[in-house]
Amino acid sequence: MRNFSSTLDTSAFPNGANGDAVLSFEVRLRRARLGLLVGLVGIVMVFISFTSAYVVRQGLPTLDPGTNTLVRDWFSVRLPSLLFLNTVVLLISGGSMELARRQALREFRSEIESGIPWLALTVLLGLSFLVGQWTVWQKLAASGFYLSTNPSSSFVYLLTGTHAVHLLGGVFALLFACGAALLRREPESRAVVVDIAAWYWHFMTVLWVYIFCLLKFAR
Amino acid sequence: MATGEFAGHLPHAHAAPQGFIRKWVFSLDHKVIGLQYYFLALTAVFVGMLLSLLMRIHLIWPNASLPLVGEIKPETYLSLLTMHGTIMVFFVLTTAPQGGFGNYFLPIQIGAADMAFPVLNMLSFWVTFLAFVVLIAAFFVTGGAPLHGWTGYPPLSALQSAGTGQGLGADLWVISIALFCLGALMSALNFITTTLDMRAKGMSLMRMPLTCWAWFITAILGLLAFGVLLSAGILLLLDRNAGTSFYVPLVVVNGQVAAHKGGSPLLWQHLFWFFGHPEVYIAILPAMGLCSQLVSVFSRKPIFGYKAMVYAMLSIGILGFMVWGHHMFMSGMSPYTAFAFSVMTMAIGVPSAIKTFNWLGTLWGGKIRFTPPMLFAIGFVSLFVSGGISGPFLAQPVLDIPLHETYFVIAHFHLIMGVASIFGIFGATYYWFPKMFGRMMNERMAQIHFWVSFVGTYAIFMPMHIYGMAAALRRYSQSTEVAYMRDLLPWQQFITAAAIVTIAGQFVFLFNLFWSMKYGKKASDNPWEATTLEWTTATPPPHDNFAGRTPVVYQGPYEYSVPGAPRDFVMQTEPAMEKVSH
């Protein structure tokens, strides 16, 4: 049989595990990283769906009304070589993003400001990538491949476009962090935003490599 | 009352907002957001119910001119059907149990001051609200609301020229669903992070109330499922407006070849049902968690098999992702594939039975208090069994194929997914109303509401099973033009009469809800003598839930009739000395 106490022992735990009142930097960072990880699962599901649709549609025959036979209507899209350059730009931006992340954490912890503006450089590289993708779409259109030309071209625009929209979200997060740095507001918040944006950016880089390989090798 | 232990007095991370807009409209407080979700769902359920009433009346008086809609043409009937299903599944069954009660009570039940990301929480509500407005707007645009049903099967849903309502109305439908998915994903992110990272000291996972487990698992299902529906919706929108052919094969519409070819309508079905079946559990898991809570509280007994309940919910969640094909037996699926989906579907019967027997085991020998929430919890168990028992019928491809297009399926899923979940929402409303509004709901009105709803539900849906087995086809706007269906008309008439009485009963609930906010008996902080953390704090809870204190948890959530305890319940915050005295 258990014996129950009705007295309060407030010294037993100086603080609850959730620590809401005075959130330490570590708690904020951990929580934000966990939230990001969960959010990335949702994004992964979007791209898994697109991939499964890609694979299914690629294997489907189509009824040709002229001959009344089933034919394969999937054309391989010749990807503009600019995509390679864009990929390199994004990979480099991943490096600069990581340096920006470490810089922001260092700055917050030791309050020493480093010289090279890695964050701004990453934004620049990210925007270059997006402009590069826009140019790729122009080139595809110029060669006769529009969104609705063929199922394969539909998927090229769908996958690259959805990735670009997600990356643009990352650029906005970085611009927010840059703004926070310029206005010198809450270095703690800025460090958290940069850290989260960095992990998001790394995910977007890996995701792009995956999409690129899918479009290149599973045509 | 604030019984139990707290870890000291601490200020809240953000101060209580001042001013109407920040406090009640763009609020960051999870309790206000929970109420916003709840009242959105309440509005939606009455709109959805009105649509079902129009359909039911039309089915027995096909030539009658009805208020608001006039004479119902077949297209009008299909648009009512589409909007009824969409509103009920998304904006009621998904919104109220998770967005409403989950938002309000998950942080309090785990001892947190708010959700992990309050701004995201606010955003998820307003995106959901916008989705509802966009959906309702479909009624008022040229051509009206879409005809393609809540499942939106292409080619009908993908072709603007396929019928009235398939123009702008269908576009608004897809946009609404996509927005809803975004809101649900943001909400799922918040629920999962909050549960994993913000539990109070001592609130281990296995000390969480089963409601929290249910919200947590539901959020995981939502995270995995809504992304897929969002993708499917994007493809549909592109097919409709950008000339792509993801879903549309070579097809002739109104004598003209459509400008699409090669797409697969089955691709939509796979993507949709990969979301759609987990959606069934997204709707009912919170009700299961709540039922466990209520059965334990009002039997004054610990829940029978707490861990089994948790593992059963997890199993249901996992299996829920492996059975989507049972919605597609009609599609010409390979018998081997159908067999696999059939076996997995029947396997869900095992954890479902575990839960049912555990509820019965909890009731067995309990000191049962037949309060309004308890009535609805028992009603839930009853409906869950009655609706669930026809699941294994439909899981057999050989039975599903003749039954699939009949009212049998309508009866099945309305009982188990629709009304059972709604009973969960009612139970939650009666149970937590005192905590949310500081007053008790009127018990006599609640009893009338329960008995009308309970008897009425069976009166509607039990005959509907038989009507379906007699091969009465669903989605038909008129049953009087076909000889064998005309002979079955008395069944339809009975069902409609039962529906009218049941719907009338819901106005008793609505009246009680608002009347009790002002005139209900004042509630104490713990009127049900329950043990979980929301009952340790003031009524209604302060802005930061525990008035600057962080609770410390020592007990499981269902410590009722514990030998040696001074009362027949032990709060989760009460320290226990394990040393036995004799």
* **Answer from B:Thr195, B:Thr218 - the residue that is more than 7 Å from every other protein chain (Cβ to nearest Cβ), in a helix (DSSP H, G or I), closer than 22 Å to B:Leu93 by Cα and more than 18 Å from the chain's Cα centre (by Cα)** => B:Thr195
* Asked: Does B:Leu294 qualify as being in contact with a Gly (Cβ under 8 Å, 6 or more places away or on another chain) and within 30 Å of B:Ala565 (Cα to Cα)?
  -> yes
* Structure fact -> Of the conditions (1) in contact with an Asp or Glu (Cβ under 7 Å, 6 or more places away or on another chain); (2) within 30 Å of B:Ala259 (Cβ to Cβ), the single one that A:Ala198 does not satisfy is (2)
* **Where B:Ala471 falls short, out of the listed (1) aliphatic (A, V, I, L, M); (2) more than 30 Å from B:Ile57 (Cα to Cα); (3) assigned to a loop (DSSP other than H, G, I, E, B)** => (2)
* **Within the range A:111-164, tally of residues that are in a loop (DSSP other than H, G, I, E, B) and more than 17 Å from A:Asp73 (Cβ to Cβ)** => 8
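One line per residue, one yes/no per condition, for (1) away from chain A (no Cβ under 14 Å); (2) part of a helix (DSSP H, G or I); (3) closer than 22 Å to B:Leu510 by Cβ:
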{"position": "B:Lys23", "(1), (2), (3)": "yes, yes, no"}
{"position": "B:Tyr38", "(1), (2), (3)": "yes, yes, yes"}
{"position": "B:Tyr104", "(1), (2), (3)": "yes, yes, yes"}
{"position": "B:Ala113", "(1), (2), (3)": "no, no, no"}
* Asked: surrounded by 20 or more Cβ atoms within 10 Å (Cβ to Cβ), among the acidic types (Asp, Glu) and away from chain A (no Cβ under 14 Å): does that describe B:Glu481?
  -> no
* Which listed residue, of B:Ala188, B:Ala242, is at the interface with chain A (Cβ under 9 Å from one of its Cβ atoms), in contact with a Leu (Cβ under 7 Å, 6 or more places away or on another chain) and over 30 Å from B:Ala112 (Cβ atoms) -> B:Ala242
* Asked: What about B:Thr457, is it part of a helix (DSSP H, G or I), buried (at least 24 other Cβ atoms within 10 Å of the Cβ) and among the hydroxyl-bearing types (Ser, Thr, Tyr)?
  -> yes
* Asked: So, of the residues in the range A:49-92 that are in contact with a strand residue (DSSP E or B) (Cβ under 8 Å, 6 or more places away or on another chain) and surrounded by fewer than 14 Cβ atoms within 10 Å (Cβ to Cβ), which turns out to be nearest to the other protein chains (Cβ to nearest Cβ)?
  -> A:Pro65
* Structure fact -> All conditions in (1) more than 30 Å from B:Asn442 (Cβ to Cβ); (2) within 32 Å of the chain's Cα centre (by Cα); (3) part of a helix (DSSP H, G or I) are true of B:Gln478 except (3)
* Enumeration of residues in the range A:54-73 that are touching a residue at least 60 places away in the same chain (Cβ under 8 Å) and either within 29 Å of the chain's Cα centre (by Cα) or at positive phi (or both) -> A:Tyr54, A:Val55, A:Arg57, A:Gln58
* Test: residue in the range B:53-76 that is out of contact with any helix residue (DSSP H, G or I) (no Cβ under 7 Å at 6 or more places or on another chain) and at pLDDT 95 or above -> no
* Asked: Could we say that B:Phe370 is in contact (Cβ under 8 Å) with a residue 40 or more places away in the chain and either surrounded by fewer than 20 Cβ atoms within 10 Å (Cβ to Cβ) or within 17 Å of B:Ala283 (Cβ to Cβ) (or both) here?
  -> yes
* Name the single residue, out of those in the range B:201-210 being assigned to a helix (DSSP H, G or I) and more than 18 Å from the chain's Cα centre (by Cα), that is surrounded by the fewest Cβ atoms within 10 Å (Cβ to Cβ). => B:Met206
* Structure fact -> The number of residues in the range B:557-567 that are at negative phi and within 12 Å of another protein chain (Cβ to nearest Cβ) is 6
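Rundown of residues vs (1) more than 7 Å from chain A (Cβ to nearest Cβ); (2) assigned to a helix (DSSP H, G or I); (3) buried (at least 24 other Cβ atoms within 10 Å of the Cβ), yes/no style:
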| site | (1), (2), (3) |
| --- | --- |
| B:Ala184 | yes, yes, yes |
| B:Arg199 | no, no, no |
| B:Leu223 | no, yes, no |
| B:Val228 | no, yes, yes |
| B:Ile234 | yes, yes, no |
* Structure fact -> Restricted to the range B:568-582 and to residues being within 7 Å of chain A (Cβ to nearest Cβ) and not in a loop (DSSP other than H, G, I, E, B), the residue modelled with the highest pLDDT is B:Ala576
* Quick check: anything in the range A:81-102 in a loop (DSSP other than H, G, I, E, B) and in contact with a helix residue (DSSP H, G or I) (Cβ under 7 Å, 6 or more places away or on another chain)? -> no
* Asked: Hey, any hits in the range B:287-296 for a residue that's more than 14 Å from every other protein chain (Cβ to nearest Cβ) and β-branched (Val, Ile, Thr)?
  -> yes
* Mind telling me which of the residues B:Thr142, B:Thr151 ends up being outside any helix (DSSP H, G or I), at pLDDT below 95 and β-branched (Val, Ile, Thr)? => B:Thr142
* Any hit, the range B:85-100, residues being in a loop (DSSP other than H, G, I, E, B), over 29 Å from B:Gly427 (Cα atoms) and either modelled with pLDDT of 95 or more or among the polar types (S, T, N, Q) (or both) -> no
* Asked: Quick check: anything in the range B:407-416 within 30 Å of B:Cys212 (Cβ to Cβ) and touching a residue at least 60 places away in the same chain (Cβ under 8 Å)?
  -> yes
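The values are calculated or read from the model by the stated rules, or taken from the named source; none is laboratory data. What you see is a predicted model; the values in this text were computed from it and never measured. Because the Cβ atoms are built from the backbone with ideal geometry, glycine has one as well, and the counts that use them run over all protein chains shown.
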